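Read the structure below first, then the notes.
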Amino acid sequence: MSDDHTHVQEFFGARAADWDTRFPDDGPVYAAAVTELGLRKGDRVLDAGCGTGRALPHLRDAVGPAGVVLGADLTPAMLEAAVRAGRDRDGQLLLADVAGLPLRSESLDAVFAAGLVAHLPNPSENLRELARVVRPAGTLALFHPIGRAALAARQGRQITPDDLRAESNLRPLLSGSGWRLTSYVDEDSRFLALAVRLP
């Protein structure tokens, strides 16, 4: 396991037990972001870096009982918290790394990724792996329940020009990884970048 993986597992593992209680009011903004992903009944969707599975009930509602919902995370403690919260009823949980997903190519219609992009050790390669598992014209949502400036303030730091989530950085990153950015919103109340998988 790489140092990046160890760091991510240590960071989130230590916070998994009380993660949901630290951010109790995020449900509506998660639901709204899932709605903007444009899922249809019967679709197959992955929550990449699903954490405690807060998006899984909304994804299940969107795709219905005939759809497939998967939640993948690198940190066992986060998946255990998802099970304790009963969210494993809304989707199948996978202990998996987005750098090498145990999924067939073009097997999904969409990927939802909350808070993931800032933790990717190799963003271009990792986004390319997400593109691999999504069908052409499938969709990707890169989401965070607060915007870049609000998150930086919460963490006691400033936004820097090299911030991966800045539109000027994210657009070429996505296009070089098999995606086309179609929508970009960065407000205090949310960050949401939507992309379509290129043919």
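Between PRO65, SER177, LEU103, whose Cα lies farthest towards the positive end of the dipole of the chain when Lys and Arg beta carbons carry +1 and Asp and Glu beta carbons carry -1, centred on the Cα centre?
In the chain, that residue is PRO65.
Taking the solvent-accessible surface of protein heavy atoms with a 1.4 Å probe, what is the per residue accessible area of the chain in Å²?
Heavy-atom SASA per residue in the chain reads 47 Å².
Computed from these coordinates, which is mean projected area of the Cα convex hull in nm²: (i) 10.1; (ii) 12.4; (iii) 10.8?
(i)
Would you mind telling me the share, in percent, of accessible area of region 113-199 contributed by carbon and sulfur at probe 1.4 angstrom?
For region 113-199, the apolar C and S fraction of the accessible surface comes to 52 percent.
Only Cα pairs within less than 10 Å get springs; with that Gaussian network setup on the chain, which residue of ASP97, ASP163, ASP88 has the largest fluctuation?
Among ASP97, ASP163, ASP88, the largest GNM mean-square fluctuation belongs to ASP163.
Would you compute, from DSSP H runs of 4+ residues alone, the mean residue ellipticity of the chain at 222 nm, taking -39500 (n - 2.57) per run and dividing by the full residue count, rounded to the nearest 500?
Theoretical 222 nm ellipticity from helices: -9500 deg cm²/dmol.
The values are calculated or read from the model by the stated rules, or taken from the named source; none is laboratory data. Only a predicted model underlies this, so the values are computations on that prediction, with no experimental measurement involved. Positions of Cβ are backbone-derived with ideal geometry, glycine not excepted, and every protein chain shown enters the neighbour counts. Accessible surface areas use protein heavy atoms only, side chains included; no ligands, DNA or RNA. Shrake-Rupley method; radii C 1.70, N 1.55, O 1.52, S 1.80 Å.
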